[in-house]
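Worksheet: the structure to be examined is printed underneath.
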Amino acid sequence: MSPAFIFGFAVGIMGVMKFWADMKKAAKVTSGDLGGSISATAKEILSHVTFKSCNASAGPVYLAFHCVLQFVALGIATAIGVLYIDILHIESPSA
């Protein structure tokens, strides 16, 4: 299983690198700040400024979107808990 995992991981990384290079070429960008781009993207996702400015997303749609976002966040928190307790066998501090 390890060689298959390593091969899949390597191919995935190569694909992301090729995709990133193609995106830079299409946008005619010669250099970039990956850390700054990730930070700006995270800030946009967490603040939802663009989502709030859209007239079609007023009211119930905005509320439903946040409910789904919270559900996903709770799923991630549960996955981290499973990782720590069941896989890494680290005891919960509240246990």
Has the stretch 11-31 got at least one residue that is outside any helix (DSSP H, G or I) and at pLDDT 85 or above?
no
Which pairs have Cβ atoms under 9 Å, sit 6 or more apart or on different chains, and link a residue in the stretch 27-43 that is free of Cβ contacts under 8 Å to residues at least 40 places away in the same chain and under 29 Å from residue 69 (Cα atoms) to one that is part of a loop (DSSP other than H, G, I, E, B) and among the aromatic types (Phe, Trp, Tyr)?
none
Give all pairs with beta carbons closer than 7 Å in which a residue from the stretch 76-95 that is part of a loop (DSSP other than H, G, I, E, B) meets a residue that is open to solvent by 90 Å² or more (accessible area, probe 1.4 Å); count only pairs at least 6 apart in sequence or on separate chains.
90/84
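The values are calculated or read from the model by the stated rules, or taken from the named source; none is laboratory data. Predicted model only: the values in this text are computed from it and were never measured. FYI the Cβ positions are ideal-geometry reconstructions off the backbone, even for glycines, and counts take in every protein chain you see. Please note that ligands, DNA and RNA were not included when accessible areas were found on the heavy atoms of the full protein model with its side chains. Shrake-Rupley method; radii C 1.70, N 1.55, O 1.52, S 1.80 Å.
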